[in-house]
Amino acid sequence: MRWTKTFIPTMKEVPSDAEVPSHQLMLRAGLIRQLMAGAYTFMPLGYRVIRKVSEIVRQEMDRAGAVELFMPAIQPIELFERTGRREAFGNVLFNFETRRGDRQLHFALGPTHEEVITDLISREIKTYKQLPITLYQIQTKFRNEERPRFGVLRTSEFLMKDAYSFSTSVEQLNDAYDAMYNAYCRIFERCGLEYIPVEAESGPIGGDASHEFMAPADNGEDYVVRCGACGYAANQERADTGRSQALPAAVPDADAPQKVDTPNAGSIDDVSQMLKAPANIFIKTLIYIVDEKPVAVLLRGDHEANEGKIRRALNGTDVSLADEATIERVTGAPVGFAGPVGISCDYIADHDVGAIAAAVTGANEKDVHLTGVIPGTHFELTETFDLRNAAAEDPCPRCESSLEIVHGIEIGHVFKLGTKYSQSLDASFLDSEEKKHPIIMGCYGIGVSRVVASIVETCHDDGGIIWPMSVAPYTVELIPLNVKDADVMAAAEKIYNELTAAGVDVLMDDRDQRPGFKFKDADLIGLPVRVVVGGKGLKEGNAEIKLRTDSEATKVPLESAVARVQELIEAGVQ
RNA sequence: CGGGACGUGGCUCAGCCUGGUAGAGCGCUGCACUGGGGGUGCAGAGGUCGCAAGUUCAAAUCUUGUCGUCCCGACCA
C-alpha cells in the first residue's frame, strides 16, 4: 500500500480529550476517530490491526476445536426476560421498541450472546450424541456503559469474541474450559501481550470456575493481586488474604474507653486528623443490610470492605450498604459515629480488627468517638473473618511470601456457567437411558478491540506505537526520502514490488514530505521494520534497515535488502 | 447518578477576570527556495467564539438554562 492511496491521518499534537497513552496514540497514529463518547470508527490502519488480532483468535479457536458461527446483534427482549437478565443488566442493556405493521416489537442490542446461543442449542441439540460442542463468533457487542472512557478501552460498542461450550458432564465442561484457557494463553502470547490469568469470582459451580486474563497496565481499571514468589494471582474482588484468625485475650482490669468529642468529624480522615491518630488503629464500622437484616461490619480503618466476602461470611444472598435511617436506628447516631461498643445489631469483624491493641471507634453518639477500645474486652469477639480487599504486603494465601497489587486491563474471561441458561431456556439433552438433563455450559470472551488498545497501551515509547510483528497493520514501512528523485523512487519501487510479491505487507510512504516529517510519522504508527532509501545511501548502493525497537539503522546493499527484511520478519514472528 | 473541568478555524491554545475591530502556532491552498528527524519566505482560504434566552447602546467576555466532551467517584452478568 502507498501512503498517498490510503487514509492515515496522523497528528502531531495530542488531542486534548485523550488522557491515556492508548487513546492518545491511536488518535495520533490515525487508527481511530471518535464519533461520540464511547463510539469510535476504526480507520483503515486501525482496522487492519483488528483483523490481524481477529485472525489469531480464529486460528486458535479453531485449533482448540471450537466452531465459528455468526449471530444477530439484534435480539428479542423476551429472551432476556426469560433468563432474568433484563433486570440484571438494567440500563446497560440497550433496548428499544419499534413498530412493524400494527405490532409493537421490543428489541435489545446484544451485550453478549448467552441467550441467543442457548435458545439456538435448545432447538437443535437433542441427544448426548451431539455433544460436546463449542461454538464461537466475533461480533459487535453493545453495552450502555454508565461512563465510557479511556478511548477504546471502555466503549458502548465493541468487538468481542465470545465462545460457548455445551457439555453433558462436568468432566466434559472441564475439558472445554481447559481447551479455551490454553487457547487464550496462546492468543495473548501471539499478540505480543503480557498477560496474567487470575482467579475470578466463581460461579454456580464453585471452585476453579472462572479466570480473567489481565494485561498489566498502569491505566488498567482493575486490580490484580499477585504473589511474585509462587505465582498466585487473583482479581482484587476474589483474592484471599493469607491472614489467620488472631483473637485477642480479654484484658481483665482494662480501663473503660474514653469518650472524646469529635464535632462534625464523621469520616476516618477527619477524626484521624483531629485526634492525630493513624487510620490503622481505627475500627471502621460499616452498617450493611444483609438479606434485609442490618449487620455491622468491622474493619481496620485503612482497609476496604469486600461485599462478596461479607456475603460469603454471612451465608447471605443480598448485601448492600444501609441507608441513613437504618444507620441512625441501629447506632442511635448520624452516619459517621458507629462503633461496636453498645451497637444494637449483630456485627462481624475482619481478622485485622482483633490485632488492634487500643482502637478508636465511633461511640454511637453524635459527634463523639471512643478511644482505647480493646477488641475482645470492650466488645465481644469470638470469631473473625476475611472481609476486606487484599492490600499490598498482605501475606500470600499459598506461600510464605507477600502479595503485590498491579493494575490490569481485563482482556479475556473464561467462565464455567453450569446450567443457569440451559435451565431457564430449556436447553437439554437425553442421555443413553433417555433421561433428560440440562446442558452444562461454559462461556469464554475476549475483547478484540480492547486487546488492540491494550497492545498500544503497553507497547509504545515517546515516539509512538511499537507494534509486535504479529499484529502490526503493515510489517514494513518503506520510505523513499525524496519522491522527486527518480533514482530513489526506482530503487524504492523495486524493493516495494519484491516485498509485495513475497507476500510481505508493505506501506510505502510516498508522500512528498521532508525526511524528518516521515521519520516522525514512521515512529508514530510504529511498524516493526523500517526501510529507508535515500540519495546518500543510494550513491553507495545501500538502503537502510531499522527495527522500530533499534536506535540506529543498518546499511544494507540494495540488492540484499529484501532478503534481509525477510530474515528480520522470520526472526520476529517466530 | 454524585463531584470537578473544559467547549474560540481541521489540531493545540491565547483572548474572558476589567464588555467595544476575533488572534497565534501547526495544518490546508498557490508560488519560490529547501531536502536525512515534524523546514523557510511570500501570497491566500478558513471561525454565527457549542446552542438558547437574558442584561446592555454594545456580549467570545457578564447571568441563567441547555447540549456536548473529558476526568474522579458510584456502577460494570
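Couple of notes before you dig in:
- Accessible area of chain A belonging to carbon and sulfur atoms, whole % at 1.4 Å probe: 48 percent
- The relative contact order of chain A comes to 17 percent, based on Cα pairs under 8 Å that sit 6 or more residues apart.
- 12 Å reach of a label modelled at A:Glu383, 7 Å along Cα-to-Cβ, counting backbone N of segment A:266-304: none
- Working note: Karplus 6.51/-1.76/1.60 with θ = phi - 60° gives segment A:556-571 the couplings 9, x, 3, 6, 9, 4, 4, 4, 5, 4, 5, 4, 4, 5, 4, 5 Hz, where Gly and Pro are set to x.
- When A:Asp178, A:Asp485 are compared by accessible area of protein heavy atoms, the largest-first order is A:Asp178, A:Asp485, using a 1.4 Å probe.
- Looking at segment A:118-247 alone, DSSP beta bridges between its own residues are antiparallel in about 95 percent of cases.
- Close Lys-Lys pairs in segment A:258-385, where close means Cα under 18 Å and separation is 8 or more or interchain: 7
- Partners for A:Lys518 among lysines (Cα-Cα distance below 27 Å; same-chain residues under 8 apart left out): A:Lys5, A:Lys12, A:Lys52, A:Lys484, A:Lys494, A:Lys536, A:Lys539, A:Lys546, A:Lys555
- Counting Cα-Cα pairs of chain A in 10 Å increments starting at 0 gives whole-percent bin shares of 3, 14, 19, 20, 18, 13, 8, 3, 1, 0.
- For A:Met160, the solvent-accessible surface with a 1.4 Å probe is about 30 Å², rounded to the nearest 10.
- Reach of A:Lys436 by Cα under 27 Å, taken over lysines that are not fewer than 8 positions away in the same chain: A:Lys126, A:Lys129, A:Lys416, A:Lys420
- Only Cα pairs under 8 Å and 6+ residues apart enter the sum, and on that basis the relative contact order of segment A:299-444 stands at 18 percent.
- Rolled with a 1.4 Å probe across the full set of protein chains, the surface gives A:Ile356 an accessible area near 10 Å².
- When only Cα pairs below 8 angstrom with a gap of at least 6 residues are kept, segment A:474-573 shows a relative contact order of 29 percent.
- Note that segment A:509-573 presents 52 Å² accessible area per residue, ligands and nucleic acids not counted, probe 1.4 Å.
- Hz values of 3J(HN,Hα) by residue in segment A:64-77 - Karplus curve (6.51, -1.76, 1.60), Gly and Pro given as x: 7, x, 7, 10, 7, 9, 9, 10, x, 6, 8, 9, x, 4
- q = 0.12, 0.13, 0.18, 0.24 Å⁻¹: log10 I(q)/I(0) that the Debye formula gives for segment A:387-487, counting C-alpha atoms only: -0.82, -0.87, -1.02, -1.20
- Antiparallel bridges, percent of DSSP beta bridges restricted to chain A (to nearest 5): 80 percent
- For segment A:110-180 versus segment A:403-425, the gap between their alpha-carbon centres in whole angstrom: 11 Å
- Backbone amide hydrogens, once placed in the peptide plane, bring A:Thr419 within less than 5 Å of A:Met441, excluding anything fewer than 5 places away on its chain.
- Each of A:Asp462, A:Asp367 has its accessible area taken with a 1.4 Å probe; listed largest first, they run A:Asp462, A:Asp367.
- Summarising the amide proton neighbourhood of A:Glu68: residues at separation of 5 or more, or on other chains, whose placed amide H is nearer than 5 Å comprise A:Tyr136.
- Using the 1.4 Å probe convention, the accessible area of segment A:258-385 works out to 46 Å² per residue with neighbouring protein chains retained.
- Looking at segment A:258-385 alone, DSSP beta bridges between its own residues are antiparallel in about 70 percent of cases.
- Think of it this way: in chain A, A:Cys185, A:Cys191, A:Cys345, A:Cys443, A:Cys459 stand alone, with no other Cys Cβ under 4.7 Å.
- Alpha-carbon centroid distance for the pair segment A:34-50 / segment A:531-559, whole angstrom: 33 Å
- Calculated mean residue ellipticity at 222 nm for chain A: -8500 deg cm²/dmol, from DSSP H runs with n ≥ 4 weighted as -39500 (n - 2.57), summed, divided by the residue count and rounded to 500.
- Taking all protein chains together and rolling a 1.4 Å probe, A:Val504 ends up with roughly 20 Å² accessible.
- ³J(HN,Hα) computed for each position of segment A:10-18 - Karplus, 6.51 cos²θ - 1.76 cosθ + 1.60, integer Hz, glycine/proline x: 8, 9, 7, 8, 7, x, 5, 7, 9
The values are calculated or read from the model by the stated rules, or taken from the named source; none is laboratory data. Note that the structure is predicted; figures quoted are calculated from it, not measured. Heads up, the Cβs are rebuilt from the backbone with ideal geometry, glycines too, and the neighbour counts pull from every protein chain shown. SASA here: full protein model, heavy atoms, side chains in, ligands and nucleic acids out. Shrake-Rupley method; radii C 1.70, N 1.55, O 1.52, S 1.80 Å.
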